[in-house]
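Q: After the C-alpha cells below, expect a handful of questions from me.
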Amino acid sequence: DGRFKCCFAVKLQNSINDTRRSFMKKLMAKLCLVTFALSLLFGSYQYILSDGQRAEAAVQEELRGVWIASVYNIDFPSKQGLSVEQMKQELDGILSNAQAMHLNAIFFQVRPTADALYRSNLYPWSMYLTGTQGQAPAQGFDPLAYLVAEGKKRGIGIHAWINPYKITRGTVAKPNWDTSALAETNPARLYPDLVVAHSSGELYLNPGEPMSRYLVLQGVKELLDRYDLAGIHYDDYFYPDGNFDDKATFAKYGQGYSSIEDWRRHNVDLLVQETYELVHQKQGVVFGISPAGVWANKSSNAAGSNTTAGVETYYDHYADTRKWVQKGWLDYIAPQIYWQIGHKQCDYATLLDWWSNVTRGTGVKLYVGHAAYKTGDSNQGTQWTDGQEMARQIAYNRANGNVDGSIFYGYSALKNNVLGIKDSVTGLFE
C-alpha cells in the first residue's frame with residue numbers, strides 16, 4: 001500500500017512536471033510571437049505614428065551640434081601664439097559649454113585653407129595657431145587629437161570640418177594671391193599648376209584637375225587613419241561664385257560635356273562620391289556636407305524652392321546638392337538655412353519643407369544649419385531681437401517630423417548667451 005502510494009505520487013509528480021513543461025513551452029512560444037510582433041510594430045513605428053508623434057519619439061535621437069571656426073581665429077584659437085595650456089583651456093571651455101547645452105557633436109574646422117590644425121604630412125600647420133604657416137605648436141601639441149580625446153570622455157563626437165579647395169583667404173580690396181607667403185610644404189607651392197587666382201581675392205585648387213581632388217581625398221584618408229573621428233564634414237565652398245579661370249582645364253578634360261557648367265558639376269560630383277566611398281571604408285564614421293541653403297530658386301529650376309536667393313548652389317557653386325541626396329552619396333546633409341521664419345525672399349519654413357521633401361525616404365539624414373550668430377542683430381530683422389528664433393525653428397523642425405538634428409553657427413553667441421540663447425538651447429535639449 002505504501003509502495004503504491006509512493007509510485008502514485010511519483011507518477012503524479014511526473015505528470016505535473018510534464019504538464020508544467022508543456023505549458024511553459026506553449027507560453028514561451030506565445031511570448032516569442034508577441035515579442036516578434038512588438039518588434040515589428042515598434043521597428044516600423046515611424047510609418048504608423050503621426051509626424052508629430054514621430055518627432056517627439058525622435059527628440060532623444062537628435063544630432064545637436066555646433067561649428068567651431070578656426071579661420072581668422074573666430075572661435076579657436078582666440079588668437080595666434082597661445083601657449084599649449086591656453087589652447088587646452090579654450091578647448092576645454094568649448095567642450096564644457098557644449099556639454100552644458102546638451103550638445104553631442106562638435107564640427108571642428110581642421111582645414112580652413114590648405115593648412116591644418118592637426119599633425120599632417122600633406123598640409124602645413126595653420127598660421128591661425130602660431131602666426132606662421134608651417135610652424136608647429138610648442139611641445140608638438142595637436143589640437144584635434146586633444147579635442148577628440150576629451151570629447152570622448154564627455155560623449156561628444158568630433159567631426160573634422162574641411163574646406164576642400166580654398167588655399168588662401170582674401171577680399172577684392174585686399175587680395176591674397178602671393179604663394180611665396182605660404183609654407184614651402186603647402187600644396188600650392190608644390191603644385192603651382194593646380195592653383196587658380198579668383199576675383200574674390202583668394203587662391204583655389206582647381207577642382208577640374210584630378211590632382212586637386214586626389215590631394216583633398218588623401219587629406220581625408222590621413223584624418224581617418226590617425227584620429228577616432230565621428231565624421232568628415234565639408235562646408236559650402238566648391239567652385240567660387242563668379243568667373244573662374246578654368247577654360248584651359250575644360251579644354252583639357254571636358255570632352256563629352258555640352259557645357260563647362262555641366263563639367264564643373266561633374267567634377268564636384270566626383271569629389272563627393274569618392275569621399276563618401278573613402279569615409280565608409282572606416283566603420284562608424286559618417287560623411288556630410290553643409291551647403292548654402294538654396295539648391296535653386298523655382299524661377300531658375302522647376303524643382304527648386306519657392307525662394308529668391310542671391311546664391312543658388314547648383315548654378316553658383318556647381319554643387320548639385322539635391323542629386324547627392326538622391327544618389328545616397330551622403331550620410332546627412334546640413335543646409336545652412338540662415339534666414340528667419342517668414343523671411344520674404346528665403347522663408348525658413350519654406351526651405352525646411354523643401355529639404356524635408358528632398359531627403360524623405362532617401363536614407364540621408366537632414367540636419368539643419370541654424371544662424372545663431374544673427375541673434376540680437378536688429379539689422380537681420382526684428383525676429384532676431386527676442387532671443388526666441390532658434391526655439392521657433394527647432395519647434396518647426398520637430399513638428400515636421402523628418403528633421404534629424406540641428407547644427408549652430410556662431411559659437412560666440414551661444415557662449416556669451418546673447419539674449420539668453422544659450423539658456424534657450426539648453427532648455428530645448430534637456
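Q: Would you mind stating whether Ala136 is open to solvent by 30 Å² or more (accessible area, probe 1.4 Å), among the aliphatic types (A, V, I, L, M) and closer than 21 Å to Lys415 by Cβ?
A: Considered against the rule, which asks whether it is open to solvent by 30 Å² or more (accessible area, probe 1.4 Å), among the aliphatic types (A, V, I, L, M) and closer than 21 Å to Lys415 by Cβ, Ala136 comes out as no.
Q: Looking only at helices (runs of 4 or more DSSP H) that fall completely inside the range 370-430, which ones have 1 or more residues that are surrounded by 20 or more Cβ atoms within 10 Å (Cβ to Cβ) and in contact with an Asp or Glu (Cβ under 6 Å, 6 or more places away or on another chain)?
A: Helices (runs of 4 or more DSSP H) meeting the threshold: 411-415.
Q: Moving to a separate point now. What tally of residues in the range 303-319 results from selecting those that are charged (D, E, K, R) and not in a loop (DSSP other than H, G, I, E, B)? First the steps, then the outcome.
A: First, the residues of the range 303-319 that are charged (D, E, K, R): 312, 316.
Still in the list and also not in a loop (DSSP other than H, G, I, E, B): 316.
Residues that pass the stated criteria total 1.
Q: May I pose another question? Just a yes or no: is a residue in the range 290-302 in contact with a His (Cβ under 9 Å, 6 or more places away or on another chain), under 25 Å from Ile106 (Cα atoms) and open to solvent by 10 Å² or more (accessible area, probe 1.4 Å)?
A: Of the residues in the range 290-302, the ones in contact with a His (Cβ under 9 Å, 6 or more places away or on another chain) are 290-292.
Applying the additional criterion that residues be under 25 Å from Ile106 (Cα atoms) yields 290-292.
Now drop any that are not open to solvent by 10 Å² or more (accessible area, probe 1.4 Å), which leaves 292.
There is at least one residue in the range 290-302 that is in contact with a His (Cβ under 9 Å, 6 or more places away or on another chain), under 25 Å from Ile106 (Cα atoms) and open to solvent by 10 Å² or more (accessible area, probe 1.4 Å).
Q: Here's another thing I want to ask about it. Can you pull out every residue in the range 146-180 that is open to solvent by less than 40 Å² (accessible area, probe 1.4 Å) and of a type in the set (Gly, Ala, Ser)?
A: Scanning the range 146-180 gives Gly151, Gly157, Ala160, Gly170.
Q: Pick from the range 183-228 the residues that are touching a Gly at 6+ places or on another chain (Cβ under 8 Å) and within 24 Å of Leu144 (Cα to Cα): which of them is surrounded by the most Cβ atoms within 10 Å (Cβ to Cβ)?
A: Going through the qualifying residues, I end up with Asn186.
Q: Being open to solvent by 70 Å² or more (accessible area, probe 1.4 Å) and not in a loop (DSSP other than H, G, I, E, B) is the filter here, so list the residues in the range 232-248 that pass it.
A: Lys247, Ala248
Q: If you don't mind, another one. Considering only residues that are in a loop (DSSP other than H, G, I, E, B), touching an Asp or Glu at 6+ places or on another chain (Cβ under 9 Å) and in contact (Cβ under 8 Å) with a residue 12 or more places away in the chain, which ones fall in the range 255-283?
A: Of the range 255-283, the ones in a loop (DSSP other than H, G, I, E, B) are 255-259, 280-283.
Narrowing the set further to residues that are touching an Asp or Glu at 6+ places or on another chain (Cβ under 9 Å) leaves 280, 282.
Hit for the range 255-283 is Lys282, nothing else.
Q: Among the residues of the range 64-92, which ones are under 16 Å from Ser126 (Cβ atoms), among the acidic types (Asp, Glu) and either part of a helix (DSSP H, G or I) or open to solvent by less than 10 Å² (accessible area, probe 1.4 Å) (or both)?
A: Glu90
Q: Need the failing condition index for Ser258 against (1) closer than 29 Å to Leu229 by Cβ; (2) open to solvent by 10 Å² or more (accessible area, probe 1.4 Å), just the number.
A: (1) is the only condition that Ser258 fails.
Q: Is it the case, given these coordinates, that Gly134 is part of a loop (DSSP other than H, G, I, E, B) and within 19 Å of the chain's Cα centre (by Cα)? Please lay out each step first, then the result.
A: On the way: part of a loop (DSSP other than H, G, I, E, B): yes; within 19 Å of the chain's Cα centre (by Cα): no.
Answer is no for this residue.
Q: Could you tell me which of the residues Val268, Val272 is out of contact with any strand residue (DSSP E or B) (no Cβ under 8 Å at 6 or more places or on another chain), buried (at least 21 other Cβ atoms within 10 Å of the Cβ) and β-branched (Val, Ile, Thr)?
A: Val268
Q: Here is a follow-up. Answer yes if at least one residue in the range 178-192 is closer than 28 Å to His280 by Cβ and over 19 Å from the mean Cα position of the chain (by Cα), and no otherwise. Can you show your working first?
A: Pass one, the range 178-192, residues closer than 28 Å to His280 by Cβ: 187, 191.
Now restrict to residues that are over 19 Å from the mean Cα position of the chain (by Cα): 187, 191.
Yes, some residue in the range 178-192 is closer than 28 Å to His280 by Cβ and over 19 Å from the mean Cα position of the chain (by Cα).
Q: From the list Val368, Val418, Val403, pick out the single residue that is touching a Pro at 6+ places or on another chain (Cβ under 8 Å) and at negative phi.
A: Among Val368, Val418, Val403, only Val368 is touching a Pro at 6+ places or on another chain (Cβ under 8 Å) and at negative phi.
Q: Does the range 98-109 contain any residue that is in contact with a Ser or Thr (Cβ under 9 Å, 6 or more places away or on another chain), in a loop (DSSP other than H, G, I, E, B) and modelled with pLDDT of 95 or more?
A: Yes, the range 98-109 has at least one match.
Q: Can you tell me which of Leu122, Leu95, Leu129 is among the aliphatic types (A, V, I, L, M), open to solvent by 10 Å² or more (accessible area, probe 1.4 Å) and not in a strand (DSSP E or B)?
A: Leu122
Q: Can you name every residue in the range 350-369 that is farther than 18 Å from Leu414 by Cα and either open to solvent by less than 10 Å² (accessible area, probe 1.4 Å) or in contact with an Asp or Glu (Cβ under 8 Å, 6 or more places away or on another chain) (or both)?
A: Leu351, Leu352, Trp355, Ser356, Thr359, Val364, Lys365, Leu366, Tyr367
Q: Considering only the range 362-379, state which residues are in contact with a Ser or Thr (Cβ under 9 Å, 6 or more places away or on another chain) and of a type in the set (D, E, K, R).
A: Lys365, Asp377
The values are calculated or read from the model by the stated rules, or taken from the named source; none is laboratory data. In this text, all values refer to a predicted model and were calculated from it rather than measured experimentally. Cβ atoms come from the backbone with ideal geometry, glycine included; neighbour counts cover every protein chain shown. Ligands, DNA and RNA are excluded from the accessible area calculation, which covers all protein heavy atoms including side chains. Shrake-Rupley method; radii C 1.70, N 1.55, O 1.52, S 1.80 Å.
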